[in-house]
Amino acid sequence: MTSKAGKKPFRRETLLYHQLDNDVVRCNTCSHQCTILKDTLGLCKTKRNEKGILYSLNCGMVSSYSVNPIEKKPLFHYYPGSYALTIGSISCNFDCPWCQNWSISKTNPAQVLKPVFTPPEEIVQKINSDSRITGISVSFNEPTLSLEYAIDIFNLLNSEIYKMFVTNGYMTQQALGLLIESGLTGMSVTIKGDESTVKKYCKADVNKVWENIHNANNQEVHVEIICLIIPTVNDNHQFYKEVTNKILSINENIPLHFTRFFPDYQFTHVEPTPIDTLEKAHAIAEQMGLNYVYLGNIYGHPLENTYCHQCNILLIKRTGYQISFFIDLELRKCPNCGEEIPIKC
Ligand code: SF4
Ligand code: SF4
């Protein structure tokens, strides 16, 4: 079913925008809410104003597929041990200089020489024909920019298939609402830093991301928070405390992942995060009262495991993507002390 681009199959009227005077439009897909003049593109270059109509230009422009363990997202309390078909497109609404997916996130639709259109039905067929797959993850670049395409796929999938985003969390509340209506039940959200760091590097307002986390949690979407700790950018105690306090004000059971940075893109001059820096961040968040704090990108580290937050017994052991369970996931209770363990499955 995959087809070569014919009559602009990637172009589709954007779901969320409104018209201003003189054929100018405002895009309401993400919180940048770009004002876009006639015949010009929004900041992410996936939205174009043509005579006062805003079009998405990357619908069905899939840059890659893979079948991945859910732990790779990383989500540790959401269908642990399962596999999701992971799809990505191109472009991003942030410009992080450390981006590990820069080859697709820094590419825009006009730069793709031979785009291949993948209809939503083809994604659904891939999922239904592989018995390992129990979910879909929209990931790699920023999935919010594929809002229309993701919604089409979600609406075609049955409710047994979980639907999740790996995101910077910068969608508008309207976009988040549409996704939840279409079946989104999980999000891995990256917090890049405190307010000034996110403003400096991503030209964005991190408070909007926290609002989305709050709203998603209130609407029973499973959320886990990822902080990639980058030396000289956000490796400070004040940030670890701020993130922890924000999560505590929403839900003490939201898992927090401090993950290790490795040099990439424009940050090849920065050393990988020292492991003791991450361990210190973990200790701070745990001492402040968060129930589930993890480290990531450190193969075999014991702080990638899940322990009962009451009695500290080992519940899930992770070595890379090898998972061993010491808990009955159906019961979701600690086998030692009986504490309820918040795991969605
Ligand atoms: S999706 Fe965001 S960055 Fe892209 S045009 Fe719309 S508001 Fe701007
Ligand atoms: S938000 Fe993610 S995909 Fe986008 S530039 Fe930043 S790291 Fe890359």
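The values are calculated or read from the model by the stated rules, or taken from the named source; none is laboratory data. Note that the coordinates shown come from a computational prediction; the quantities given were computed from them, not determined experimentally. FYI the Cβ positions are ideal-geometry reconstructions off the backbone, even for glycines, and counts take in every protein chain you see.
Checking each residue in the stretch 299-310 for being loosely packed, with under 14 Cβ neighbours inside 10 Å and touching a Ser or Thr at 6+ places or on another chain (Cβ under 9 Å) picks out Tyr299, Gly300.
Look through the stretch 167-190, keep the residues that are away from ligand 2 (no atom under 11 Å from the Cβ) and either part of a loop (DSSP other than H, G, I, E, B) or modelled with pLDDT under 95 (or both), and return whichever of them is nearest to Ile70 (Cα to Cα). Restricting to residues being away from ligand 2 (no atom under 11 Å from the Cβ) and either part of a loop (DSSP other than H, G, I, E, B) or modelled with pLDDT under 95 (or both), the top hit is Thr185.
Which members of the stretch 311-325 meet the condition of being surrounded by fewer than 18 Cβ atoms within 10 Å (Cβ to Cβ) and closer than 29 Å to Leu228 by Cβ?
Residues of the stretch 311-325 that are surrounded by fewer than 18 Cβ atoms within 10 Å (Cβ to Cβ), as a first pass: 311-314, 317, 319-322, 324-325.
Residues satisfying the conditions are Asn312, Leu314, Lys317, Thr319, Gly320, Tyr321, Gln322, Ser324, Phe325.
Considering the stretch 40-59, and only residues there that are of a type in the set (A, V, I, L, M) and outside any strand (DSSP E or B), the residue that is nearest to ligand 2 (Cβ to nearest atom) turns out to be Leu43. Whenever a residue of the stretch 38-50 is closer than 16 Å to Leu147 by Cβ, its partners that are among the basic types (Lys, Arg) and surrounded by 14 or more Cβ atoms within 10 Å (Cβ to Cβ), lying with C-beta atoms within less than 9 angstrom and at least six residues away or across chains, give the pairs Gly42/Arg48; Arg48/Arg11.
Any residue at all in the stretch 55-70 that's surrounded by 17 or more Cβ atoms within 10 Å (Cβ to Cβ) and at positive phi? Among the residues of the stretch 55-70, at least one is surrounded by 17 or more Cβ atoms within 10 Å (Cβ to Cβ) and at positive phi, which makes the answer yes. Checking each residue in the stretch 97-122 for being touching a residue at least 60 places away in the same chain (Cβ under 8 Å), touching a strand residue (DSSP E or B) at 6+ places or on another chain (Cβ under 7 Å) and away from ligand 1 (no atom under 16 Å from the Cβ) picks out Pro115, Val116, Phe117.
Across the stretch 26-39, the qualifying residues are those that are part of a loop (DSSP other than H, G, I, E, B) and either within 22 Å of Asn141 (Cα to Cα) or in the same structural domain as Leu145 (by TED's automatic domain parsing) (or both), and the one among them that is farthest from ligand 2 (Cβ to nearest atom) is Asn28. The set of residues from the stretch 101-135 being within 16 Å of ligand 2 (Cβ to nearest atom) and in contact with a Leu (Cβ under 9 Å, 6 or more places away or on another chain) comprises Asn108, Pro109. Restricting attention to the stretch 195-242, the residues that are part of a helix (DSSP H, G or I), surrounded by fewer than 22 Cβ atoms within 10 Å (Cβ to Cβ) and among the hydroxyl-bearing types (Ser, Thr, Tyr) total 3.
Being of a type outside the set (Gly, Ala, Ser), at pLDDT 95 or above and crowded, with 23+ Cβ neighbours inside 10 Å is the filter here; which residues of the stretch 124-153 pass it?
Here is the first cut: in the stretch 124-153, the residues of a type outside the set (Gly, Ala, Ser) are 124-128, 130, 132-134, 136, 138, 140-145, 147-149, 151-153.
So of that shortlist, the ones also at pLDDT 95 or above come out as 124-128, 130, 132-134, 136, 138, 141-145, 147-149, 151-153.
Ile136, Val138, Asn141, Glu142, Pro143, Thr144, Leu145, Leu147, Tyr149, Ile153 - these are the residues of the stretch 124-153 that are of a type outside the set (Gly, Ala, Ser), at pLDDT 95 or above and crowded, with 23+ Cβ neighbours inside 10 Å.
Of all the numbered requirements in (1) within 26 Å of Asn207 (Cα to Cα); (2) away from ligand 2 (no atom under 16 Å from the Cβ); (3) assigned by TED's automatic domain parsing to the domain that holds Glu148, Pro80 misses one, and that requirement is (1).
Is it true that some residue in the stretch 129-150 is within 16 Å of ligand 1 (Cβ to nearest atom) and touching a Pro at 6+ places or on another chain (Cβ under 8 Å)? Yes, the stretch 129-150 contains at least one residue that is within 16 Å of ligand 1 (Cβ to nearest atom) and touching a Pro at 6+ places or on another chain (Cβ under 8 Å).
Would you check if His18 is assigned to a strand (DSSP E or B) and either away from ligand 1 (no atom under 14 Å from the Cβ) or not assigned by TED's automatic domain parsing to the domain that holds Gln266 (or both)? Yes: the conditions hold for His18.
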